[in-house]
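Asker: What follows is a single structure, and I will ask about it in a moment.
The values are calculated or read from the model by the stated rules, or taken from the named source; none is laboratory data. Note that this is a predicted model, so its numbers are computed, not measured. Here the Cβ is made from the backbone with ideal geometry for all residues, glycine too, and neighbour counts use every protein chain on show.
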């Protein structure tokens, strides 16, 4: 028996989805939503990784300057704004409403992941580059920074797994619908990277913004904007956790630092 709840809960969800109860319409809807969710998620992540690797110097945006600066600002703003609104009580109701019928609530996490992926794809695909490149890593340092960039994405992947892969990927909704079970959210994360800091996903995401081999004004604006978001957004998240988990979260917060790990010297 697997004792790790991160793995055990994910495997239980997969098992329910692999052996679904009868219901052709329900299964078809679940599979369609799952396909859309993971396809958009994969495309958005690939666009994000490649765009930042080149410091946002390569993209499909063609807005003329100076209007491009305003459009780029809106592209930066739309992700944290909508992302945060959808996490509110009204936002969750809206997510349930988006899918007509009785399965909207079950699919809410999948719908949320699709919207977030489309937002990220819009940001990195529609960005209009400034055309200015300040610095580009060369020689051995290029490989050093590239490895560091890849490592930051691996850290983000690990943190997402520790928080609950089924939620972070959007699989919880469509797999729960497939298996005709109630979506069960992971417990308050305290394992893995959450033993070191309370917000490892935001910290790892911030690292991806800065460990890039090409620096442009575009990348600097993005890095500064989203690092600020990574530092401030978890405050609202922790308020929700405090209401949901009460004293248990208070004890966790008292022992584990917010954003930077606390290294102790061995005596």
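Asker: Have a look at 42, 47 and point out the one that is at pLDDT 95 or above and under 22 Å from residue 224 (Cα atoms).
Answerer: 47
Asker: Moving on. Got at least one residue in segment 1-17 being modelled with pLDDT of 95 or more, assigned to a helix (DSSP H, G or I) and more than 28 Å from residue 101 (Cα to Cα)?
Answerer: Within segment 1-17 (the criterion being modelled with pLDDT of 95 or more, assigned to a helix (DSSP H, G or I) and more than 28 Å from residue 101 (Cα to Cα)), the answer is no, since none of the residues qualifies.
Asker: Hey, among the residues in segment 34-57 that are within 14 Å of residue 123 (Cβ to Cβ) and in contact with a strand residue (DSSP E or B) (Cβ under 9 Å, 6 or more places away or on another chain), which one's surrounded by the most Cβ atoms within 10 Å (Cβ to Cβ)?
Answerer: 56
Asker: Given the condition surrounded by 14 or more Cβ atoms within 10 Å (Cβ to Cβ) and either modelled with pLDDT of 95 or more or farther than 29 Å from residue 169 by Cα (or both), answer yes or no: does some residue in segment 80-89 qualify?
Answerer: no
Asker: Same structure again: Tell me yes or no: at least one residue of segment 135-153 is in contact (Cβ under 8 Å) with a residue 60 or more places away in the chain, in contact with a strand residue (DSSP E or B) (Cβ under 6 Å, 6 or more places away or on another chain), surrounded by fewer than 16 Cβ atoms within 10 Å (Cβ to Cβ) and farther than 28 Å from residue 261 by Cβ.
Answerer: Yes; the residues of segment 135-153 include at least one that is in contact (Cβ under 8 Å) with a residue 60 or more places away in the chain, in contact with a strand residue (DSSP E or B) (Cβ under 6 Å, 6 or more places away or on another chain), surrounded by fewer than 16 Cβ atoms within 10 Å (Cβ to Cβ) and farther than 28 Å from residue 261 by Cβ.
Asker: Which of the residues spanning segment 252-267 are outside any loop (DSSP other than H, G, I, E, B) and surrounded by 12 or more Cβ atoms within 10 Å (Cβ to Cβ)?
Answerer: 252, 253
Asker: Taking residue 24 as the residue in question, decide whether it is over 24 Å from the mean Cα position of the chain (by Cα) and farther than 24 Å from residue 187 by Cβ.
Answerer: So residue 24 passes the test.
Asker: Related question: Considering only residues that are in contact (Cβ under 8 Å) with a residue 60 or more places away in the chain and within 21 Å of residue 133 (Cα to Cα), look in segment 221-267 and name the one that is farthest from the chain's Cα centre (by Cα).
Answerer: Result: 221.
Asker: Got at least one residue in segment 94-110 being touching a residue at least 12 places away in the same chain (Cβ under 8 Å), within 14 Å of the chain's Cα centre (by Cα), more than 26 Å from residue 13 (Cβ to Cβ) and part of a helix (DSSP H, G or I)?
Answerer: There is no residue in segment 94-110 that is touching a residue at least 12 places away in the same chain (Cβ under 8 Å), within 14 Å of the chain's Cα centre (by Cα), more than 26 Å from residue 13 (Cβ to Cβ) and part of a helix (DSSP H, G or I).
Asker: Right, something else. Only one residue in 146, 62, 128 is outside any helix (DSSP H, G or I), within 23 Å of residue 49 (Cβ to Cβ) and at pLDDT 95 or above, so which one is that?
Answerer: Answer to the selection: 128.
Asker: Check segment 10-29 and report whether any residue there is free of Cβ contacts under 8 Å to residues at least 24 places away in the same chain, in contact with a helix residue (DSSP H, G or I) (Cβ under 9 Å, 6 or more places away or on another chain) and closer than 26 Å to residue 122 by Cα.
Answerer: No, that holds for no residue.
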